[in-house]
1. Among the candidates Leu104, Leu65, Leu94, Leu74, which residue alone is over 24 Å from the mean Cα position of the chain (by Cα) and among the hydrophobic types (A, V, I, L, M, F, W, C)?
2. For region 186-207, which residues satisfy the criterion of being in contact (Cβ under 8 Å) with a residue 24 or more places away in the chain, surrounded by fewer than 19 Cβ atoms within 10 Å (Cβ to Cβ) and outside any loop (DSSP other than H, G, I, E, B)?
3. Check region 121-132 and report whether any residue there is more than 15 Å from Val38 (Cα to Cα), of a type in the set (Ser, Thr, Tyr), open to solvent by 10 Å² or more (accessible area, probe 1.4 Å) and not in a loop (DSSP other than H, G, I, E, B).
4. When you go through Tyr364, Tyr393 one by one, which is the residue that is within 24 Å of His149 (Cα to Cα) and either surrounded by 21 or more Cβ atoms within 10 Å (Cβ to Cβ) or in contact (Cβ under 8 Å) with a residue 12 or more places away in the chain (or both)?
5. Among the helices (runs of 4 or more DSSP H) confined wholly to region 31-95, which include 2 or more residues that are without any contact (Cβ under 8 Å) to a residue 24 or more places away in the chain and either polar (S, T, N, Q) or open to solvent by 50 Å² or more (accessible area, probe 1.4 Å) (or both)?
6. Restricting region 151-168 to residues that are part of a helix (DSSP H, G or I) and over 22 Å from Met204 (Cα atoms), which is most open to solvent (accessible area, probe 1.4 Å)?
Amino acid sequence: MKVLWLSHLIPYPPKGGVLQRTFNMVKELGRYHDVTLVAFNQRGFLAASLPDHDDPLRVAKQELLKSVASMHVLDIPEDSLPMGRYQTALRALLSGRAYNMEWLKSTKARELISDLVSGGSFDVVHIDTISLCVYFDLFEGLPVVLNHHNFESAMLTSRADTESSPLKRLYYRYEASRLLRSESRFCHRSRLNLTCSDDDAEAMKSAIGGGNFLSVPNGVDINYFYPDRSVAVAENSIVIVGGLSWYPNREAVEYFIHDIWPLIKVRIPDTSVDIIGRGPTPAMLKLAETDEQFRVHGFVDDVRPYLWRARFYLCPIRTGGGTKLKILDALASGCCILADPFACKGIAVRDGVDVIYAQTPENYVDAMLELLDNPAREAALRKAGPELIRHRYSYTGIGRHYAEALDELVMEPVYRQRSA
């Protein structure tokens, strides 16, 4: 079967968040079907993800072409304009549309995609985010699958609720309302909508009034993330992981700094913490300069040694959407995880078995102290996580499940007749 896959970024390297999900989904789908990948090049993001390479695009294409039949790369128009992002945002504001539905509009992209559809004999189209629905009209007669990494408009609403600036709060609410209109329109037009969890699917169906949804959970490459018991665990050490340019991760680290870390310093004073993720704020870097036990690393090419060495993995995320790949990676790596229940939404963990839930600064510190006094319970947590991942969240099984869903979709009478 021939699949046209549209992506808003080049899905490589598979290190964190959307990159990890998209790369592994494309890789696994490529085992069963012929995938043509059309990807927009977020150049700064790609360069930051492959900092040791002079030509990161060449490296990414070389790796992705191992899984896809062909690949086409497009530039993002606003990248070539002075203050292009602000120009796009202003244009969207004046036109009454969401920024998310403007930033990937491109005449060259439209021409390329139109040519591919005309000559490609595709059986199905996968649109990897709502922003790419600006090309939806090109797929007349083809079954379209629309992927939702998050319930985007709900995330914007949540961000507005926590924003201190009145102007930003107003903008996020405006953006959320416009984006919800697009989500409603294109979810109903898509033959199938993918979400990362049943929670997101139910929330979206409730907000837009129905639609055909399938949960395809985030997963783990278990050949990459696994427990390594040969690595010595550092006493009283914490690791927190997540790209800090994404506001839920940034807000979580700021919450840790202001509310959790001071309490840890008092009750477990010899504790150290490693903050991993691209885009740390000046305040985080400044704290690292004055507190030698607080270490900020930015982007790291391989997060696994930090996971293996840490006594505790903390995830105090309280906002955002989707399921947190970082939690899945930590479970697969055999970490001892203390997390806000919100951070584990959509993942079949059990409090006290796979993770320990914490909702206040005191909860985190009490749990750390209890585990320090109870090595057997810590060992049980470290054993349960990898078992859960192997049984439910391996990308091998997830990719096969999605490939089978596409088979069923294309075999529906209306599409089978078209193919014949």
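1. On the way: Leu104 fails: over 24 Å from the mean Cα position of the chain (by Cα); Leu65 fails: over 24 Å from the mean Cα position of the chain (by Cα); Leu74 fails: over 24 Å from the mean Cα position of the chain (by Cα).
Result of the check over Leu104, Leu65, Leu94, Leu74: Leu94.
2. Arg189, Asp198, Asp199, Ala203, Ala207
3. No, region 121-132 has no match at all.
4. One residue alone meets the criteria, Tyr393.
5. 56-64, 84-95
6. Leu167
The values are calculated or read from the model by the stated rules, or taken from the named source; none is laboratory data. None of these values were measured; they are calculated from a predicted model. Note: ideal-geometry Cβ built from the backbone for every residue, glycine included; neighbour counts use all protein chains shown. Surface accessibility is based on the protein's heavy atoms, side chains included, excluding ligands, DNA and RNA. Shrake-Rupley method; radii C 1.70, N 1.55, O 1.52, S 1.80 Å.
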